[in-house]
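Enquirer: Next up is a structure, given as structure tokens.
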Amino acid sequence: MQLSDEQKTAMTTLGIPDYMHGAIIRYYEKGYLPGSFLTALINNDLKETFANADDTNAQCIRNYVMWFYNYAPGGSWGHSNAVQGWVEHINAERAKENVSESISD
């Protein structure tokens with residue numbers, strides 16, 4: 001899955017720190033596990049989100065929630081084990097693509 005230019009631009013527009021964009025993009029596009037702050041945020045674990053946030057991210061949590069609410073693929077955040085489910089989804093999609101490529105070769 002590729003994030004659109006609109007989704008990527010919205011990160012800046014909504015005030016998500018630039019140094020966090022790559023982790024969000026890698027999570028959605030490659031299924032890479034995010035760090036402890038983003039994992040907690042995506043899994044809707046408020047206590048762990050604040051416990052793992054640096055000073056900048058602690059002040060931007062509302063901005064992240066606005067981005068995820070408005071731009072993240074449905075079902076990919078906001079509930080317990082969302083990260084695990086999304087990573088499994090991306091890995092399954094990647095496996096399907098590899099099978100399709102093998103068949104067409």
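Where a number appears in this text, it was derived from the coordinates with a stated rule and is not lab data. Note that this is a predicted model, so its numbers are computed, not measured. All Cβ positions, even for glycine, are placed from backbone atoms using ideal geometry, and neighbour counts span all protein chains on display.
Enquirer: Working from the pairwise distances between different alpha carbons, so that the mean of 1/r is found and then inverted, what is the chain's Kirkwood radius in Å? Kindly include the intermediate steps, with their values, before the conclusion.
Expert: Details: mean 1/r = 0.0698 Å⁻¹.
In the chain this quantity evaluates to 14.3 Å.
Enquirer: Label residue 93 and residue 54 with points 7 Å out from Cα along Cα→Cβ: what is the distance between them in nm?
Expert: According to this spin-label approximation, the distance is 2.8 nm.
Enquirer: Here's another thing I want to ask about it. Which lysines have a Cα less than 20 Å from the Cα of residue 30, not counting those fewer than 8 places away in the same chain?
Expert: Correct list for residue 30: 8, 96.
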